[in-house]
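K.L.:
One structure coming up, written as structure tokens, with questions to follow.
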Amino acid sequence: MAFARELFMVVLQTLDDELLKHRAEGLVCVGKRSRTILTKIGEIRITRRLYRKATNGKKARCRFLLDEALKIQPRRRVTHGLLRLMVSLSTRLSFRESAEVLEEAGFPRVSHATVHAEVRRYGELVKKRLENQRRLVFEFGQELSSPTGKKKVPFLILEVDGLLVGLQGGHGRKQEIKLGVAYEGWEIQGKQRKLQNATVMMGAFENGDDFWESFSACLSERYDFSVIQVIVNGDGARWIQEQAGVYFKGCIVQLDRFHLMRDLRLLFRNKAKELMSVLETGDIQVFMDTLESLEPEVPEKKRKLFNKLLRQCRKYPSHLVDYRSRLREEQRQGYFFSGLGVAETMVDKKLANRMKKRGMRWSREGAWCMALLLMLRANGQLHQWLEETSHEDIQNPVKEATIRKRIASRTLLQDPTWRHVCIPSLNGPTRPWKIALRALAGLAST
């Protein structure tokens, strides 16, 4: 390792000399500065040149070209390669365990606080990217598109659920992490079924509108929803059963069979299968009558669960019907349809293993950041994100959209058709202030 460090220092010195020869016009070398960095091969002290750009009376900005070339972050001792390893490892282990494993593997010693700080920093960058994407769609009305174009598939299945994790600062404080997974169907691999082109969304969203805005904005970049039948599966939460239809017009919403069967078993044990058999026939009225007739058998300690289940079934009777029986005959032909319920597995394997099962407690922002990094890992994008994300902040496309909006507004008075355009921020969410604005704009409330 000592030889590798010596060789690496020689290479860095040579690279710094080459950067001096090929520096941009206007950059003046004003001296050298030293710093210590932590790399995969150990601790190294390097000396590199400091440059200042010649300006006319303005305060000059200093730069280290070698730091920029190597993606060495200012005021941070850990290099980009070791940072990627730290953050990736922390999505599997606790911050303290991650630091210990790195030290045991022969890497430079870093504290668990350093690992935690880098996870927060990278998570905040992911959060900012999602927020920029959401604002472009729902505040500026821009249509997102990928370089490969939008896919036109017959079906897109969305399964959503939530997980409560403990918060720091007091016993009983909880934060819900919302999770959604979208996939195009199943691939049969022997006796197993694999989700086809799955996309996962996670985050500590404050409400259902924030979740659906971010999730739908992400999916709209990839899919053409004008020709897609969307199927939504989730438990009886209002943000799932009621708000999904606001963002995906004409979608089929189903009450998740796993949660329904779980509640029936807790209430009636052996009779749960009989109730589910009645439900599978599609006769909702018989199912409801049977469920209500069993009310006297419910013990007092389970009365609250029974009332909750009964309210959900009465509120969303059409959502009790299996989604497959609600598809048209021509939609079903030529496709394989399976039962739904993958969200529960996703919550357990992708989220709870890291954030709940070890008795951990989180700050709200820390839970946000970890959930977003786990999302990237579930989508197979974590390593690419860490590789491409530099120490500089993510560029904000909303600023560019704002400038274009101001330029366009200058010609509104000359063009009378401006009065007939839509108001993007009023489409979709059902928040009270938007309902009031719809009324002022002469739009029907939804």
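K.L.:
If I ask for residues that are under 17 Å from Thr345 (Cα atoms) and small (Gly, Ala, Ser), which ones from the range 166-202 would you list?
P.N.:
Correct list: Gly180, Ala182, Gly185, Ala198.
K.L.:
Here's something else I'd like to know. Can you give me the ranges of the helices (runs of 4 or more DSSP H) entirely in the range 57-129 with at least 1 residues that are within 26 Å of the chain's Cα centre (by Cα) and of a type outside the set (Asp, Glu)?
P.N.:
Helices (runs of 4 or more DSSP H) meeting the threshold: 80-90, 95-104.
K.L.:
While we're on this one: If the Cβ limit is 8 Å and pairs must be 6+ apart or interchain, which residue in the range 90-117 that is under 16 Å from Ala367 (Cα atoms) pairs with which residue that is part of a loop (DSSP other than H, G, I, E, B)?
P.N.:
Going by the 8 Å Cβ cut-off, the qualifying pairs are Ser94/Arg358; Ser94/Met360.
K.L.:
Select from the range 152-182 the residues that are over 30 Å from Gly359 (Cα atoms) and in contact with an Asp or Glu (Cβ under 7 Å, 6 or more places away or on another chain) and write down the one among them that is surrounded by the fewest Cβ atoms within 10 Å (Cβ to Cβ).
P.N.:
Lys152
K.L.:
Would you mind telling me which numbered condition in (1) at pLDDT below 85; (2) surrounded by 11 or more Cβ atoms within 10 Å (Cβ to Cβ) Phe3 fails?
P.N.:
With (1) at pLDDT below 85; (2) surrounded by 11 or more Cβ atoms within 10 Å (Cβ to Cβ) applied to Phe3, the lone miss is (2).
K.L.:
Restricting attention to the range 300-347, report how many residues are modelled with pLDDT of 90 or more and among the aromatic types (Phe, Trp, Tyr).
P.N.:
Residues meeting the conditions: 3.
K.L.:
For residues in the range 319-336 being within 15 Å of Val253 (Cα to Cα) and in contact (Cβ under 8 Å) with a residue 24 or more places away in the chain, which is surrounded by the most Cβ atoms within 10 Å (Cβ to Cβ)?
P.N.:
Looking at residues that are within 15 Å of Val253 (Cα to Cα) and in contact (Cβ under 8 Å) with a residue 24 or more places away in the chain, I get His319.
K.L.:
I'm trying to understand the selection: among the residues of the range 72-101, which are under 14 Å from His112 (Cβ atoms) and of a type in the set (Gly, Ala, Ser)?
P.N.:
Of everything in the range 72-101, those that are under 14 Å from His112 (Cβ atoms) and of a type in the set (Gly, Ala, Ser) turn out to be Ser90, Ser94, Ser98, Ala99.
Okay, residues lined up against (1) at pLDDT below 95; (2) under 24 Å from Ile252 (Cβ atoms):
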{"site": "Pro147", "(1), (2)": "yes, no"}
{"site": "Phe155", "(1), (2)": "yes, yes"}
{"site": "Glu159", "(1), (2)": "no, yes"}
{"site": "Ala182", "(1), (2)": "no, yes"}
{"site": "Trp186", "(1), (2)": "yes, yes"}
{"site": "Arg193", "(1), (2)": "yes, yes"}
{"site": "Met201", "(1), (2)": "no, yes"}
{"site": "Phe211", "(1), (2)": "no, yes"}
{"site": "Cys218", "(1), (2)": "yes, yes"}
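K.L.:
Show the residue pairs that are 6+ apart or on different chains and have beta-carbon atoms under 8 Å apart, the first residue being within the range 278-299 and on the phi > 0 side of the Ramachandran plot and at pLDDT below 90, the second being surrounded by 13 or more Cβ atoms within 10 Å (Cβ to Cβ) and of a type in the set (A, V, I, L, M).
P.N.:
Gly282/Val321
K.L.:
All but one of (1) within 30 Å of Val110 (Cα to Cα); (2) in contact (Cβ under 8 Å) with a residue 24 or more places away in the chain hold for Arg23; state the number of the condition that does not hold.
P.N.:
(1)
K.L.:
Kindly provide the set of residues from the range 337-360 that are outside any helix (DSSP H, G or I) and either at negative phi or surrounded by 13 or more Cβ atoms within 10 Å (Cβ to Cβ) (or both), ordered by number.
P.N.:
Passing the criteria: Phe337, Ser338, Gly339, Leu340, Gly341, Lys356, Lys357, Arg358, Met360.
K.L.:
Kindly provide the set of residues from the range 20-61 that are in contact with a Leu (Cβ under 6 Å, 6 or more places away or on another chain) and either at positive phi or surrounded by fewer than 18 Cβ atoms within 10 Å (Cβ to Cβ) (or both), ordered by number.
P.N.:
Val30, Gly31, Arg33, Lys40, Lys53 - these are the residues of the range 20-61 that are in contact with a Leu (Cβ under 6 Å, 6 or more places away or on another chain) and either at positive phi or surrounded by fewer than 18 Cβ atoms within 10 Å (Cβ to Cβ) (or both).
K.L.:
Looking at the range 238-250, is at least one residue among the β-branched types (Val, Ile, Thr) and more than 17 Å from the chain's Cα centre (by Cα)?
P.N.:
Yes, there is a match, as at least one residue in the range 238-250 is among the β-branched types (Val, Ile, Thr) and more than 17 Å from the chain's Cα centre (by Cα).
K.L.:
Checking the structure you have, find out if any residue of the range 142-160 is outside any helix (DSSP H, G or I), more than 30 Å from Gln331 (Cα to Cα) and under 21 Å from the mean Cα position of the chain (by Cα).
P.N.:
Yes, the conditions are met somewhere in the range 142-160.
K.L.:
For the list (1) touching a helix residue (DSSP H, G or I) at 6+ places or on another chain (Cβ under 6 Å); (2) assigned by TED's automatic domain parsing to the domain that holds Thr14; (3) not hydrophobic (A, V, I, L, M, F, W, C), I need the number of the one condition that Arg45 fails.
P.N.:
(1)
K.L.:
A follow-up question, please. Does the range 186-209 contain any residue that is more than 28 Å from Gly334 (Cβ to Cβ) and assigned to a helix (DSSP H, G or I)?
P.N.:
yes
The values are calculated or read from the model by the stated rules, or taken from the named source; none is laboratory data. What you see is a predicted model, and the numbers here were worked out from it, not measured in a lab. Please note: Cβ atoms are built from the backbone with ideal geometry, for glycine as well, and neighbour counts cover all protein chains shown.
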